[in-house]
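Note sheet for the following structure.
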Amino acid sequence: MILYACVVRLQDGLPLSASTDFHPNKQVLEGKKCLRRLCVNLSQRPARGTARVCDLSIHFCSAGDISSLTICSSSFQPAAAFSFLEELIWEFSSSYNSTAIALASRPYAFLEFDGIIQRVKHNFNSGASPPIQLDPSATPVAVKLEEIVDANGIANGHIATQVSPVFHRMSPVSSLGILSLTLNIMCSSLSLIRGVHLAENTFQDGYENAGRVLAFLTAFSASLLQCYLYVVFSPARVLKSWALFLVIGGCNLFLYGLRSPWQIGFHVLVAFLAAVQITTRRRLDRHTDCGV
């Protein structure tokens, strides 16, 4: 009989849905561990395959961007098992499109599909659904357990997957934060304009003011980076923001003479306000519940 079944994303092995059967049998639990390890590199394996675990068989079938896997008793006919897997793939593909599958970011995002898995599994276990004739061109490949290498990060029934960088949600932008961004953009624009204008005169008359040109451009870059840190989450953003504040302050002190004390104080105050806003704007907490 069919003991367990699941549907995973073929690209990275992320489990999308699974049957919620409880089997305290040690062989079934060991089979589930091997199945999870097998999911990690399904994209590098043939479309159909079979592995043996104790007295159980693990069958998998891949099509499109998903793969279905099942754990069966060794006496269950492989033809019926692959027919079951093909029907799961057909049912899942008709229920969810490729976009929803690609955007799934947490394990078991389509847990409600378990109802369909249970129905199809019951039909095959009871003999109500006769096996379909399989495509002879896609012969199942036998997979040896020693070929299934443990992947780092497999714990608590979840598969470690390499995902693209996450864009963390930040707390809402305050009115003071908008003011800080506006003033920072204005200060960076002033530094860029003064730096370019001084560079034109410096390169015509010599390079005696090259250091001041570099100070203007450095202040311009630091102000833009402060804007970026306020809008986008970045590791160690608080430390970076205060480091940029010190850079802007140092550049403005170096420009004393080309800028009046009032101008220097204004630029430093704007940089300080930006650093405070970056420090106080927090990342929103993410719920870690996977809905299982």
| remark: Checked pairs for the stretch 100-121, first more than 21 Å from Leu3 (Cβ to Cβ), second surrounded by fewer than 17 Cβ atoms within 10 Å (Cβ to Cβ), C-beta under 6 Å and 6 or more apart or across chains, list as Ile101/Asp65; Arg106/Cys290
| query | Which of the residues that make up the stretch 219-270 are open to solvent by less than 50 Å² (accessible area, probe 1.4 Å), without any contact (Cβ under 8 Å) to a residue 40 or more places away in the chain, among the polar types (S, T, N, Q) and under 13 Å from Ser188 (Cβ atoms)? | reply | Asn252
| Candidate set from the stretch 21-64 (those that are in contact with a helix residue (DSSP H, G or I) (Cβ under 8 Å, 6 or more places away or on another chain) and small (Gly, Ala, Ser)); member that is farthest from Ser75 (Cα to Cα) | Gly64
| Qualifying position, being at pLDDT below 85 and either polar (S, T, N, Q) or part of a loop (DSSP other than H, G, I, E, B) (or both), among Ser43, Ser83, Ser67, Ser57 | Ser43
| remark: Selection over the stretch 70-80 where residues are out of contact with any Lys or Arg (no Cβ under 8 Å at 6 or more places or on another chain) and either touching a residue at least 60 places away in the same chain (Cβ under 8 Å) or assigned to a helix (DSSP H, G or I) (or both) yields a count of 7
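The values are calculated or read from the model by the stated rules, or taken from the named source; none is laboratory data. Computed from a predicted model, the values in this text were never measured in an experiment. So basically every Cβ, Gly included, is an ideal-geometry build from the backbone, and we count neighbours across all protein chains shown. Keep in mind that these areas ignore ligands, DNA and RNA; they rest on the heavy atoms of the full protein, side chains included. Shrake-Rupley method; radii C 1.70, N 1.55, O 1.52, S 1.80 Å.
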